[in-house]
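Chemist: Below are the structure tokens for one structure; questions will follow.
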Amino acid sequence: MTVRRIVANIATKDIAAAKRFYQDVLGLDILMDQGWIATYGSDESMRVQVSFMAEGGSDTPVPDLSIEVDDVDATLAGMKTAGFAIE
């Protein structure tokens, strides 16, 4: 058996905010949009990973989602411009 995909399903009442975050700022492609569910992704190859955490490091809360980007400064600037809270 080979795991081909694990999807994080994130509950939201604001699908438009998810579009601004994942498509407009992070540049992901819309893979599926049914109105009530929108899936974003890319053609980038990656290994399947799943993490289990007791803390987020230095006694911080466990993050719900981890996102790796190639340019953290540009992504941070995009997040600020889009008005997302930086924690």
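The values are calculated or read from the model by the stated rules, or taken from the named source; none is laboratory data. Just so it is clear, the structure is predicted and the values come from calculations on it, not from any experiment. So basically every Cβ, Gly included, is an ideal-geometry build from the backbone, and we count neighbours across all protein chains shown. Side chains are part of the model used for accessible areas, which takes the heavy atoms of the whole protein and leaves out ligands, DNA and RNA. Shrake-Rupley method; radii C 1.70, N 1.55, O 1.52, S 1.80 Å.
Chemist: Search region 13-38 for residues that are assigned to a strand (DSSP E or B) and pair each with any residue that is among the aromatic types (Phe, Trp, Tyr) when their beta-carbon atoms are under 7 Å apart and the residues are at least 6 apart or on different chains.
Modeler: Asp29/Tyr40; Ile30/Tyr40; Leu31/Tyr40
Chemist: Something else: Could you please give the count of residues in region 51-87 that are of a type in the set (Gly, Ala, Ser), within 27 Å of Leu31 (Cβ to Cβ) and surrounded by 10 or more Cβ atoms within 10 Å (Cβ to Cβ)?
Modeler: Counting residues in region 51-87 that are of a type in the set (Gly, Ala, Ser), within 27 Å of Leu31 (Cβ to Cβ) and surrounded by 10 or more Cβ atoms within 10 Å (Cβ to Cβ) gives 5.
Chemist: Is it fair to say Tyr40 is touching a helix residue (DSSP H, G or I) at 6+ places or on another chain (Cβ under 9 Å), modelled with pLDDT of 90 or more, of a type in the set (Ser, Thr, Tyr) and within 22 Å of Ala85 (Cβ to Cβ)? Explain how you work it out, then say what you get.
Modeler: Numbers: touching a helix residue (DSSP H, G or I) at 6+ places or on another chain (Cβ under 9 Å): yes; modelled with pLDDT of 90 or more: yes; of a type in the set (Ser, Thr, Tyr): yes; within 22 Å of Ala85 (Cβ to Cβ): yes.
So Tyr40 fits the description; yes.
Chemist: Considering only residues that are closer than 20 Å to Ala11 by Cβ and either open to solvent by less than 100 Å² (accessible area, probe 1.4 Å) or touching a Pro at 6+ places or on another chain (Cβ under 6 Å) (or both), which ones fall in region 34-50? Walk me through it before giving the result.
Modeler: Just the residues of region 34-50 that are closer than 20 Å to Ala11 by Cβ, to begin with: 34-41, 50.
Scanning region 34-50 gives Gly35, Ile37, Ala38, Thr39, Tyr40, Gly41, Val50.
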